[in-house]
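Okay, structure first, notes after.
The values are calculated or read from the model by the stated rules, or taken from the named source; none is laboratory data. Quantities reported herein were computed from a predicted structural model and do not represent experimental measurements. In this analysis, Cβ positions are derived from the backbone assuming ideal geometry, glycine residues included, and neighbour counts consider all displayed protein chains.
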Amino acid sequence: MSTQCTDGMIYRERDADTVPALGFGTWQLKGDECREALNEALAAGYRHVDTAQAYENEGEIGETLEASGVPREDVFLTTKIWVENLDREGVHRSFEESLRKLRTPYVDLLLIHWDNEDVPMEETLEAMNILRDAGKVKHVGVSNFTVPKLEKAVACSKAPLFADQIEYHPFLAERPIRAFCREHGILVTAYCPIARGEVMENSILKEIGDTYGKSPAQITLRWLLQQDDVIAIPKSGTPEHIRQNFDVFDFELVQAEMDRISALDRNERIIDPDFAPDWNAV
């Protein structure tokens with residue numbers, strides 16, 4: 001449950017394992033752009049990589065990781081099962097395909113990408129736990145789960161839920177979900193952590209950034225990393241931004257600055273597809 005710092009890096013500890021609190025997101029990165037971005041991320045120091053079946057880049061990620069020379073055990077690798085594959089057979093079939101593409105015998109974390117109410121959650125989690133028992137998955141978790149869905153998932157899963165991956169940034173607080181996760185020992189993984197670049201125009205983040213010689217994006221990532229139980233997975237295909245996003249371990253925000261950033265919440269949601277859950281459900 002603790003936050004551990006080693007060589008300046010920040011880690012989270014859960015379920016007898018350690019995960020880097022800053023990961024590399026790969027949504028919308030494909031082909032050579034994906035390969036080049038991941039190589040840049042690994043060179044910068046990232047050792048936590050996030051992908052998904054729906055991103056259609058597992059192949060590129062597997063090729064790049066295999067060719068990188070970075071030992072497999074040094075990388076925390078996450079992928080997600082798409083909504084069309086959540087039945088028992090679909091979980092096993094699609095996950096074996098993910099393993100082939102990722103060129104690995106296991107993943108560190110397997111998530112339900114979005115819940116599919118046409119498939120019993122018990123069936124999906126049972127299949128995921130079978131993969132965990134077989135050593136093909138180290139941890140299971142969910143993504144885009146509201147509090148009611150989390151309550152059901154906690155009750156359904158034999159293994160503890162490792163994380164709930166949700167949109168979380170200074171403009172979207174997600175307090176009920178974070179409170180539930182904190183109470184149940186579930187990590188929150190923040191996607192869209194810099195709100196697709198919107199943080200760059202915020203005057204308060206700019207002001208705080210000037211204090212440390214950092215960009216608003218770096219200030220935002222540091223704000224996330226200083227919250228116990230939170231992981232951030234910024235995505236970028238630009239080498240300079242990839243390196244800058246990782247350059248957040250040489251300063252620390254004071255509590256007053258943390259509070260000012262938290263007060264920026266305006267319930268602004270960026271990712272809200274037609275099949276999304278009722279975000280207001282509690």
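Going by what's in this entry, would ARG178 be described as of a type outside the set (A, V, I, L, M, F, W, C), modelled with pLDDT of 95 or more, farther than 18 Å from PRO20 by Cα and buried (at least 19 other Cβ atoms within 10 Å of the Cβ)? Considered against the rule, which asks whether it is of a type outside the set (A, V, I, L, M, F, W, C), modelled with pLDDT of 95 or more, farther than 18 Å from PRO20 by Cα and buried (at least 19 other Cβ atoms within 10 Å of the Cβ), ARG178 comes out as yes. Would you say GLU63 is in contact with a Lys or Arg (Cβ under 9 Å, 6 or more places away or on another chain), of a type outside the set (Ser, Thr, Tyr) and either at pLDDT 95 or above or surrounded by fewer than 15 Cβ atoms within 10 Å (Cβ to Cβ) (or both)? Here the answer is yes, as GLU63 does meet what is asked.
Here are PRO216, PRO193, PRO170, PRO176: which of them is touching a helix residue (DSSP H, G or I) at 6+ places or on another chain (Cβ under 6 Å), touching a residue at least 12 places away in the same chain (Cβ under 8 Å) and under 16 Å from LYS149 (Cβ atoms)? I'd like the intermediate steps shown before the answer.
On the way: PRO216 fails: under 16 Å from LYS149 (Cβ atoms); PRO193 fails: under 16 Å from LYS149 (Cβ atoms); PRO170 fails: under 16 Å from LYS149 (Cβ atoms).
On inspection, the qualifying residue turns out to be PRO176.
For every residue, the table says whether it meets (1) surrounded by 23 or more Cβ atoms within 10 Å (Cβ to Cβ); (2) of a type in the set (A, V, I, L, M); (3) free of Cβ contacts under 8 Å to residues at least 12 places away in the same chain; (4) over 20 Å from PHE145 (Cβ atoms).
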residue	(1), (2), (3), (4)
ILE10	no, yes, no, yes
PHE24	yes, no, no, yes
GLN28	no, no, no, yes
GLY45	no, no, no, yes
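Of all residues in the stretch 45-66, those that are out of contact with any helix residue (DSSP H, G or I) (no Cβ under 8 Å at 6 or more places or on another chain) and assigned to a helix (DSSP H, G or I) total 3.
Taking (1) without any contact (Cβ under 8 Å) to a residue 12 or more places away in the chain; (2) in contact with a Cys (Cβ under 9 Å, 6 or more places away or on another chain) in turn, ASP118 satisfies each apart from (2).
Just checking, does the stretch 134-142 include any residue being farther than 30 Å from PRO71 by Cβ and either without any contact (Cβ under 8 Å) to a residue 12 or more places away in the chain or in contact with a strand residue (DSSP E or B) (Cβ under 7 Å, 6 or more places away or on another chain) (or both)? Taking every residue of the stretch 134-142 in turn, none turns out to be farther than 30 Å from PRO71 by Cβ and either without any contact (Cβ under 8 Å) to a residue 12 or more places away in the chain or in contact with a strand residue (DSSP E or B) (Cβ under 7 Å, 6 or more places away or on another chain) (or both).
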